[in-house]
1. Which residues, counting only those in the range A:170-225, are under 19 Å from A:Ile147 (Cβ atoms), buried (at least 19 other Cβ atoms within 10 Å of the Cβ) and among the charged types (D, E, K, R)?
2. When residues of the range A:234-243 are filtered for being surrounded by fewer than 24 Cβ atoms within 10 Å (Cβ to Cβ) and in a strand (DSSP E or B), how many remain?
3. With respect to the numbered conditions (1) facing chain B (nearest Cβ under 10 Å); (2) farther than 19 Å from B:Trp237 by Cβ, which one is the sole condition not fulfilled by A:Ala125?
4. When you look at A:Leu277, is it surrounded by fewer than 21 Cβ atoms within 10 Å (Cβ to Cβ), in contact (Cβ under 8 Å) with a residue 40 or more places away in the chain and more than 25 Å from the chain's Cα centre (by Cα), yes or no?
5. Hey, can you tell me all the residues within the range B:69-116 that are aromatic (Phe, Trp, Tyr) and not in a helix (DSSP H, G or I)?
6. Take the conditions part of a loop (DSSP other than H, G, I, E, B), in contact with a Lys or Arg (Cβ under 9 Å, 6 or more places away or on another chain), at the interface with chain B (Cβ under 10 Å from one of its Cβ atoms) and under 20 Å from A:Gln217 (Cβ atoms) and apply them to A:Ala99. Does it pass?
7. Please determine, by comparing only the residues of the range A:15-52 that are of a type in the set (Val, Ile, Thr) and more than 19 Å from A:Cys302 (Cβ to Cβ), which one is surrounded by the most Cβ atoms within 10 Å (Cβ to Cβ).
8. Go through the range B:205-240 and count every residue that is crowded, with 21+ Cβ neighbours inside 10 Å, of a type in the set (Gly, Ala, Ser) and more than 8 Å from chain A (Cβ to nearest Cβ).
Amino acid sequence: MNAIEPLLSVRDLRVSFALDEGLVRAVDGTSFDVMPGQVLGVVGESGCGKSVTMRAILQLIDRPGRITNGEIRFRRDDGVVDLARLEPRSAAMRDIRGAEIALIPQEPMAAFSPVHTVGDQIVEAILLHSHRWQPGKRMGRSEARDITVGLFRDVGISMPEQRIDAYSWQLSGGLRQRAMIAMALSCKPRLLIADEPTTAIDVTTQAQVLALLRDLQERYNTAIIFITHDLGVIAQMASYVVVMYLGRVMEEGPVDDIFHAPKHPYTKALLRSIPSLYGQTRVALPVISGALPHPFNRPPGCPFHPRCPDAMPRCSDAVPKLMPVPPNQFASCFLHHEEVDPA
Amino acid sequence: MTRYILQRLALLPLLMVIYSFVIFVIIQAPPGDFLTAYVATLASSGSSISQEQIEAWRAQYGLDQPMIVQYWLWVKHLAHGNFGLSLEYQRPNAELIGEQIGLTLALALFSFFLTWAIAIPAGIYSATHPRSIGDHILTVVNYVGVATPNFMLALILMWVAFAYFDVSVTGLYSPEYADAPWSWGKFLDLMAHLWLPALVLGIAGTARLSRIMRANLLDELNKPYVVTARAKGMKEWRLVLRYPVRLAFNPLISTIGWYLPMLFSGSLIVATVMNLPNIGPLLLRALVNQDMYLAGGILLIYSFLTIVGTLLSDVLLALVDPRIRVEG
């Protein structure tokens, strides 16, 4: 890594849900860094804890979920703040939400209230954090509206003056997601969390939205955490990749190294399961054997060992630590080192 | 929107004709007519009346005509705004109903607002604090409220008020104001009496409404747009009131339509028990005595209120929910 201080630094984060059936450890000791202006890709199967991790960063974990351990250090102008220590409903946390860390949710269809116009909802976000636009001055509605029209133009919505008064269900999926991006960018955040932003829209629109995000990222130098289960999207978007499985980071590293020289058996298995244009046709696509364990029955030791082709006896006894693996990656696997994670 | 309202209003006379016919058939359905009931009453008090006299009255009131002719006469008069004469009271029905309708409306509206003013905040509290102690207490209160018949509640409250606080809570006025002309004092006296029957009338509705509000709001609170609003950095209570409450409210608006006539007719037993001077007891008496034009007049007003109430809630719903307004 380089000498720049990370914008966001997550250390040993643990989030668990106390359900009637038992404790579900959705995030179980996750650590990663986001550098300023970096696009960080987070990949993993459904239920691997990637969305919960992102919710935890914004302190948006719903009951009965709770952050039980770890730090989420976020660098602001006036120093570093540990988000994990902030009360979810505190003014300090609300000051950061939307203003410094913004969220692009997964389902653009339901992410807007259907009985308020999209413009109305974006204007509200701007007014909430109006000091980011004009420090020390109150902003009027019409001014916020003008800003919203500008934002709509920025994200490539045609006829922004009319679209601003539309309801979300009057817009197409692509437009809706563009409006959502406009809202997320409305307060010039330093960090954008995009939670599978393209999963619910069709492929053509998906490509346009990705191009838009890339373009905006370059223009404003916003750091983005890009969550997806689509490795193709990661390859297009991210410069650094974190691979998660059952609430833990399996491997992380620069995108090229992850794709061309994966170290962890789970990453290798994920990459093998992508269909290739150049591969043999009419051959069954390799799948990862076994099924994702039930959240109440986490395997002991390395969470991936029951499905791992390279499992060794010790994998079921101890949890491997996330350690540097030459040349550029980090992996938590006993194939590459002997370090045990004590927790 | 305007076109839609006009279309609905244009349907109103047709619906009223259908309702009036159904109502007339039903009040005609019991054997005998007003005079048989009248004769029975006289006989039970020991006096009698000659058969010729009865036949003369029967002819005078048109009771000897076939039903369809009687119906036609009734409707013809109704079309001219004439509700006819009460056979029992020998006074115009419009006058009889008019005397009661003011207080009936006051009671119904008061009870309606009381219901919403209690139920909505209670429902919001329960949904935002699910499975808390407060929520559990409200749940118990609600189930008791739904399960207790309101006349029973009226009797218990009357007994408690009388036995322990030595106040009589029947009627809507204290004796000294009962026949007094309207004054500030009489108004205050009315208000002092009105809240208890209003509460009794509204209690089951309140309980039901707050359960519905709780369920609706719990659903809405899990919707992604709530997360979006939270991620914007909104204050929690402002967010809840502005987004999910607003959406949880919509289905309730459609209940306003049938709520008003229900308060009207639902007050019958309570009003009889609590000796309230409203339309309930008047209708009951008219039905028992087969005072058919009075009963018909009252039932027709109920039907009218139902139709207007439904139209009203449709219009309200369209006003608050753009999804209906734009498509409709």
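The values are calculated or read from the model by the stated rules, or taken from the named source; none is laboratory data. For clarity, every value in this text was computed on a predicted model and none was experimentally measured. Because the Cβ atoms are built from the backbone with ideal geometry, glycine has one as well, and the counts that use them run over all protein chains shown.
1. Once the filter is applied, which keeps residues that are under 19 Å from A:Ile147 (Cβ atoms), buried (at least 19 other Cβ atoms within 10 Å of the Cβ) and among the charged types (D, E, K, R), the range A:170-225 yields A:Arg178, A:Arg190.
2. The total comes to 1.
3. (2)
4. Numbers: surrounded by fewer than 21 Cβ atoms within 10 Å (Cβ to Cβ): yes; in contact (Cβ under 8 Å) with a residue 40 or more places away in the chain: no; more than 25 Å from the chain's Cα centre (by Cα): yes.
Against the criterion (surrounded by fewer than 21 Cβ atoms within 10 Å (Cβ to Cβ), in contact (Cβ under 8 Å) with a residue 40 or more places away in the chain and more than 25 Å from the chain's Cα centre (by Cα)), A:Leu277 does not qualify.
5. From the range B:69-116, those aromatic (Phe, Trp, Tyr) are B:71-72, B:74, B:83, B:89, B:110, B:112-113, B:116; that's our starting set.
The answer is B:Phe83, B:Tyr89.
6. Numbers: part of a loop (DSSP other than H, G, I, E, B): yes; in contact with a Lys or Arg (Cβ under 9 Å, 6 or more places away or on another chain): yes; at the interface with chain B (Cβ under 10 Å from one of its Cβ atoms): yes; under 20 Å from A:Gln217 (Cβ atoms): yes.
Judged against the criteria, A:Ala99 is a match.
7. We begin by selecting, within the range A:15-52, every residue of a type in the set (Val, Ile, Thr); these are A:15, A:24, A:27, A:30, A:34, A:39, A:42-43, A:52.
In the following step, the residues that additionally are more than 19 Å from A:Cys302 (Cβ to Cβ) were identified as A:15, A:34, A:39, A:42, A:52.
On the way: A:Val15: 24, A:Val34: 24, A:Val39: 25, A:Val42: 29, A:Val52: 22.
Looking at the filtered set, the residue picked out is A:Val42.
8. Qualifying residue count, the range B:205-240: 3.
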